[in-house]
Amino acid sequence: MSEKVTIGSYSQINCYTSCPKHWFLKYKEKWDSPVLKASLFYGNAVEAGIIALLENNPAYLTVAHENWISQTKYNHVTLIQDNDNIAYAHADFDEHVLTPTDKDLLKSYINSLELNFLGEDPVQVYKEVSKIKKNPYKNTTDNMMKYFNKCSWLSLYRKLDILVETFKQQVLPRIKKVHAVQKESSLESADGKFKVKGFIDFIFDFEGYDKPIIFDLKTSAGEYSLDKIELSEQLAIYLGMEGFNYNTNLAGYIVLNKNIAKEVVSYCKKCGTKKEGRHKTCNMLQEGKRCNGEWEDKIELKPEAQVLVASKTDFQIDSMLEDYSHVLKAMKEGIVYKNINNCTNWFGGPCPYLNKCFKDSTEGLVKK
Ligand code: SF4
């Protein structure tokens, strides 16, 4: 009789290598935090919009919007909009992406949440709430949290259009052929005992490269560096999964940065001319006469998509798979220990199992 193959998903392995105790509490004991991270849902919404774009669906932005209102996974619907259990980061908010209608809506929220004592201007009130939230000696009320979440959700809603359109303008023209989108794949260890499963976002023929590239899409809060992909275990595994089928050793990340870059640009208040030189007033000539209008600074959004590609050797892929076989073996045998290096920085915030690990308390956790 053949020996049973141990199967692990990339996300479970990633969790185990970050902290085996976290993996055990989450996947074996099925404890979870009722607080959900907005970033996970946001990445899915951006991806849904981009997949719709690649499928030539003219309503690709609507698809992204719908996925930022609610998402369904394994028949379970999670409402994102106005969900008090979704946690946002301070960097999610950006006053420069809000429309005048958004600001009016936020003003009405200030009134209904009775936060007028913090001010009337929606951005100012956000800043006040944010300051209170960051101060451990101050109490953030439920209404303040509701306002913080509303501002963050709305900001990210506006950024959806910017990010998906950035992909359309900067990445799409460079795609020569779409081989696969959201491809489910797996990779077996040499002895056939272990298998890693995962979803590959995209496989494209891409401008400037003579082989297909296996891509993972990242919606990030910062820029990626090339060494991030050179050291990436995820990309090595994905290449191990599909590199042979597509005759490629190239893999990469397409990174859409949620922190939209900005530039200060000056325009003439009188004639609207953009300032190009160092003139103190507008130098545009109108019927032979200098305009001399006053300059006015405006913030312009300069979103950028990063495309990072690296090649992986067979050695890198094989050694990664060997490591993963050991990890899967440890998971199968239930070897669990605490990696206390990640307790206060679990992907950018405190680990939800701090109480469970250090006080044996399940306060703040729910059973899935
Ligand atoms: S609190 Fe620390 S040790 Fe416990 S699961 Fe989280 S990261 Fe691991």
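A few notes on this one:
- Tallying residues that are over 25 Å from the mean Cα position of the chain (by Cα) and within 16 Å of the ligand (Cβ to nearest atom) within region 324-339 yields 8.
- Given (1) more than 31 Å from the chain's Cα centre (by Cα); (2) open to solvent by 40 Å² or more (accessible area, probe 1.4 Å), index of the condition Cys282 fails: (2)
- Residue that is surrounded by 12 or more Cβ atoms within 10 Å (Cβ to Cβ), more than 26 Å from Gly43 (Cα to Cα) and among the aromatic types (Phe, Trp, Tyr), where the choices are Tyr337, Tyr267, Tyr324, Tyr253: Tyr267
- Test: Leu25 is without any contact (Cβ under 8 Å) to a residue 24 or more places away in the chain and not in a loop (DSSP other than H, G, I, E, B): no
- Scanning region 330-368 for residues that are touching a residue at least 40 places away in the same chain (Cβ under 8 Å), charged (D, E, K, R) and out of contact with any Ser or Thr (no Cβ under 7 Å at 6 or more places or on another chain) yields Lys338, Lys367, Lys368.
- Region 340-363 - residue that is surrounded by 14 or more Cβ atoms within 10 Å (Cβ to Cβ) and in a loop (DSSP other than H, G, I, E, B) and, of those, farthest from the ligand (Cβ to nearest atom): Thr362
- Residues in region 210-264 that are assigned to a strand (DSSP E or B) and closer than 23 Å to Val97 by Cβ: 11 in all.
- Condition met for Thr72 (more than 25 Å from Glu363 (Cβ to Cβ), in a strand (DSSP E or B) and open to solvent by 60 Å² or more (accessible area, probe 1.4 Å)): yes
- The set of residues in region 32-53 being within 15 Å of the ligand (Cβ to nearest atom), farther than 28 Å from Phe202 by Cα and open to solvent by 40 Å² or more (accessible area, probe 1.4 Å) consists of Val35 alone.
- Against the numbered list (1) more than 16 Å from the ligand (Cβ to nearest atom); (2) touching a Pro at 6+ places or on another chain (Cβ under 9 Å), Leu321 comes up short only at (2).
- Taking region 238-263 as the range and being over 24 Å from the mean Cα position of the chain (by Cα), at pLDDT 90 or above and more than 14 Å from Phe202 (Cβ to Cβ) as the test, the residues that pass are Gly243, Phe244, Asn245, Asn247, Asn249.
The values are calculated or read from the model by the stated rules, or taken from the named source; none is laboratory data. Only a predicted model underlies this, so the values are computations on that prediction, with no experimental measurement involved. Note that each Cβ is placed from the backbone with ideal geometry, even for glycine, and that neighbours are counted across all protein chains shown. Note: areas computed on protein heavy atoms with side chains; ligands, DNA, RNA excluded. Shrake-Rupley method; radii C 1.70, N 1.55, O 1.52, S 1.80 Å.
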